[in-house]
1. Using modelled backbone amide H atoms (1.01 Å from N, in-plane), which distant-in-sequence or interchain residues come within less than 5 Å of L459's amide H?
2. Working from the pairwise distances between different alpha carbons, so that the mean of 1/r is found and then inverted, what is region 9-325's Kirkwood radius in Å?
3. Restricting everything to alpha-carbon atoms, can you work out Rg to Rh for region 356-485 with a Kirkwood hydrodynamic radius?
4. On a full-extension model of 0.36 nm per residue, what is the gain between Q418 and A252, subtracting their alpha-carbon distance, rounded to one decimal in nm?
5. Which of T322, T125, T375 has the fewest other C-beta atoms within 10 Å, and how do the rest follow up to the most?
6. Would you mind putting 68-74, 206-212, 184-190, 237-243 in packing order, based on average other-beta-carbon counts within 10 Å, highest first?
7. Placing +1 on the Cβ of each Lys and Arg and -1 on the Cβ of each Asp and Glu in the chain, which of L75, A15, L28 has its Cα farthest towards the positive end of the resulting dipole?
8. Test of understanding: ordering D36, D484 by Cβ neighbours within 10 Å, fewest first, what list do you get?
Amino acid sequence: MKAQGSVGGRAVAAAVLTALAYAACLFLLMGGYAIDDSWIHLQFARNLASGAGLRFDPAAPPVYACSSPLWVFLLAPAYAAGVGGITAARLLSSVGAGACVFMAWRLACRADFKPLFRLALPLFTALDPWMIRWGSSGMESSLAALLVICWMIAVVPDRKHPSAAGLAAGLAFLTRPELAFLGVLTPLFTGGGSRRILSGLLPWAVIVSAWLFTAHTVFGTFLPSAVHAKIQGGSVWKYLLGEIPNLAGAIAASHGMMLLVLAAGISKTRWSDGNARKALLPVIVPLALFAVLLAGRAPLLTRYFLPVLPVLSFAALSLMRTGMLLPKRHIVTFVVCTAGWQAAAWGMGVRPHMAGMSANLGVYHEVAWELGRLTPRGSLIAVHEIGVFGYESGRRLLDLGGLVSPQVTRFSYPGLTQDAVTSIEFLRSQGVTHYLDPHGAIEPLMPAQERLGVRFIPLGSWDFPGGTSLSGRRSYTRTLYRLDWIVPDPQSSRMGG
C-alpha cells in the first residue's frame, strides 16, 4: 500500500521537466526583464566576491541595504567564477520560479490532493502573473516563495517535520526579513508537545540570531535600511487608502477567483467542521504577512506578497476539495476559468509593463555611462534610484531614496517639490555637485536660483518612453544638472517652500 502523498517516478520526472521548461521560458522569453533594485544586490555580491565585504560602496562605511542577505550569498559565487551580473541573477530567479512550480506539485501530493488538484496548484503557481514577473527579474522573490512552499510542505500534511519547517522559516527570513513570522507560526501548525515545538523553533532561532548578530557587527543595526527608507509618512488613514487599493487590485489580478472561493468558504463554514477549519488554517500565513507590513507602514508591493500567494491557492483548493462549495462536475470549470483569469491578467496588464521596462533598461545603462562621462571624478551625484547607476557609473552617489544613504530621511530631505529650501540646504551640506532629476522638479525652481543659492546647469537629458512603473506607464525625462553653489541672495524673488 502506498503511503499518503506518494507518487511514481514517471510523475516526478514529468514534474521536474515541466518545472525546468517553465524556468527556461522565464529566462529566455521575457526580454531580459529586470528592475533597478536588481542591481543593488548585485553590487553587494560583487563587492563580497572581491573581498570588500558586505558593502554597497567599498569606499564608504557598510550600510544594511541588502535586505536579502541569502540572495547576496547566492549571487557572489558567480562573480568569483567570472560570470556574475544580471544574467546570472535572472537565471537564479528563473530557476527559483521553476522550483516553486515543482514544489507546489509536491505540496499538493503531500496533502493527498486528487489528480486534478495536484495539477491545479502548480498550474496556478506557474500562471501567476507576479510569479512570471518576479521570477524573471533577477530579484529574490521567487526564492522566498520557494522557501514558503517548503515550509508549507513541512507543516501541512499529517506527517509534519518541525525541524525542517524551522529551517525553511529561518532561510525565508534571510531572503525576506518580513517572513520572520513563519518561525513563530511553526508551533501553531505542527502542534505536539514541547519537544516538537522546540525542534521547530530551534533552527529558526539559530539562523535568525546568527544573522542579527552578524548584521549588528557589520552594519551596527539589526534592521535593514529599507525599513526606514520605505516607511510611508503621513497619517495612518492616508497610508492605508493609498496602499490597500493597489494591493487589492494586484492580488485580485492573480488570485481573484481564489479569493472568491475563500470568502465563500469562510461565510459558509461551520467551525465545528474540522476539515473546513484545517483547510482554512493556511490563510493565516498571508494575513500574518499583511499585518507585519501594515505594522511597519511598508509599501504593499507584489514582490513582498509573492511568497505567500501560492499559499492562497493551496487554501482555496483545500477548501474546494471538501465539497462544500462546488459540485465535482464544476471544479474543472473553476480550474480552467482561474487559469484563464491569470493568463489574461498577465497578457493585458503585466506583460506590457515588462516589455516597456525591458526596453527602458537600455536607457538606464546609457544614463549610467553618461554620468561617468559628463561628470568629473570626485563628483557626488544625487539620484532617486541607486541600482544601475551605482553599479555602472563609477561615481559617488547620494541615494535620495535613503536606501544606501541613511542620512537621507523625509525630514532631512523632504523633496524639492515639498520643501525646496530645506532640500537644497541638505544637498549643499552633503557636498552634492550634480542632481539627476527624474520628475521635472528643477524646472520650477529656475526663477529662484539666486535666492536658493544654487545655479542649475543642464548637462543632458534622457527619455523613458512609457515610464518604468507598472501603475503609471507615463513617459518621463531624466535631466542631469550641475549644481553651482553661490551665496544665497535673500533680496531676490521669493518663492514658497
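Quick note: the coordinates plus some simple rules give every number you see, no bench work behind them. Here the structure is a predicted model, which is why all the values come from computation and not from measurement. With ideal geometry, Cβ positions are generated from the backbone for all residues, glycine too; neighbour counts draw on all protein chains shown.
1. Answer set, sorted by chain and number: L480, Y481, R482.
2. That comes to 20.3 Å for region 9-325.
3. On the way: Rg = 14.2 Å, Rh = 15.0 Å.
Looking at region 356-485, the ratio lands at 0.94.
4. Details: separation 166, 0.36 × 166 = 59.76 nm, distance 3.37 nm.
Residue separation times 0.36 nm, minus the Cα-Cα distance, leaves 56.4 nm.
5. Values: T322 15, T125 28, T375 20.
Ordered from fewest to most neighbouring Cβ atoms within 10 Å, T322, T125, T375 come out as T322, T375, T125.
6. Details: 68-74: 21.6, 206-212: 15.1, 184-190: 18.7, 237-243: 13.3.
Descending mean neighbour count gives 68-74, 184-190, 206-212, 237-243.
7. Result: A15, furthest along the dipole toward the positive end.
8. Working: D36 18, D484 12.
The order, fewest Cβ neighbours first, is D484, D36.
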